[in-house]
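Scroll down for the structure; my scribbles are underneath it.
The values are calculated or read from the model by the stated rules, or taken from the named source; none is laboratory data. Nothing here was measured: the structure is a model prediction, and the numbers come from that model. All Cβ positions, even for glycine, are placed from backbone atoms using ideal geometry, and neighbour counts span all protein chains on display. To get the accessible areas, we keep the full protein, side chains included, count just its heavy atoms, and leave off ligands, DNA and RNA. Shrake-Rupley method; radii C 1.70, N 1.55, O 1.52, S 1.80 Å.
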Amino acid sequence: MDKKENSTSNTPLGNQPTPPQISFQVAAEWTANWRTLFPGKTQAQCFTLNEIAQVTNVNGAVGVRAYYGMKEVEGKSEKEYTLKLFLVAVDANGNDILPETGVIVDFARPCPSYCGDTNILNSGLPFME
């Protein structure tokens with residue numbers, strides 16, 4: 001990763017400023033790019049607040065890291081994989097808090113099929129100001 005892109009990598013997480021938020025228009029553009037590049041693929045994951053709290057309530061946690069993984073689909077003649085996203089707590093030094101003292105949460109519900117109502121982020125509807 002480019003050092004410029006990751007300029008806060010040496011700053012402990014507990015000391016980092018609040019990151020800037022992106023605009024609705026930027027989020028819509030990025031999700032549209034994803035749908036164009038990966039049509040028919042998982043475009044989002046949904047966690048409940050309770051599931052996120054399981055990670056954020058770990059002793060020493062100041063953040064959460066999301067990992068991507070690929071789970072092999074059982075019972076297929078050819079290897080097929082499903083995209084998985086799971087969460088782990090992160091300490092003030094940016095280190096994962098692993099299951100010896102933390103938890104790993106993998107209850108993400110993929111979109112599609114768990115997308116909610118149609119909107120610009122999940123379907124590309126025109127942006128309405």
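At-a-glance table
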| read-out | value |
| --- | --- |
| Qualifying residue in the range 105-114 (condition: farther than 26 Å from Thr31 by Cα and in contact with an Asp or Glu (Cβ under 7 Å, 6 or more places away or on another chain)) | no |
| Options Gly94, Gly40: the member that is at positive phi, at pLDDT 90 or above and over 16 Å from the mean Cα position of the chain (by Cα) | Gly94 |
| Residue pairs meeting the criteria (Cβ under 7 Å; at least 6 apart or on separate chains; first under 16 Å from Asp91 (Cβ atoms), in the range 61-72; second surrounded by 11 or more Cβ atoms within 10 Å (Cβ to Cβ) and of a type in the set (S, T, N, Q)) | Val64/Thr56 |
| Within the range 73-108, tally of residues that are open to solvent by 70 Å² or more (accessible area, probe 1.4 Å), touching a strand residue (DSSP E or B) at 6+ places or on another chain (Cβ under 7 Å) and touching a residue at least 60 places away in the same chain (Cβ under 8 Å) | 0 |
| Tabulated pairs, the range 32-45, first closer than 11 Å to Gly124 by Cβ, second in a loop (DSSP other than H, G, I, E, B), C-beta under 7 angstrom, 6+ apart or interchain | Ala32/Gly124; Trp34/Gln43; Arg35/Gln43; Arg35/Gly124 |
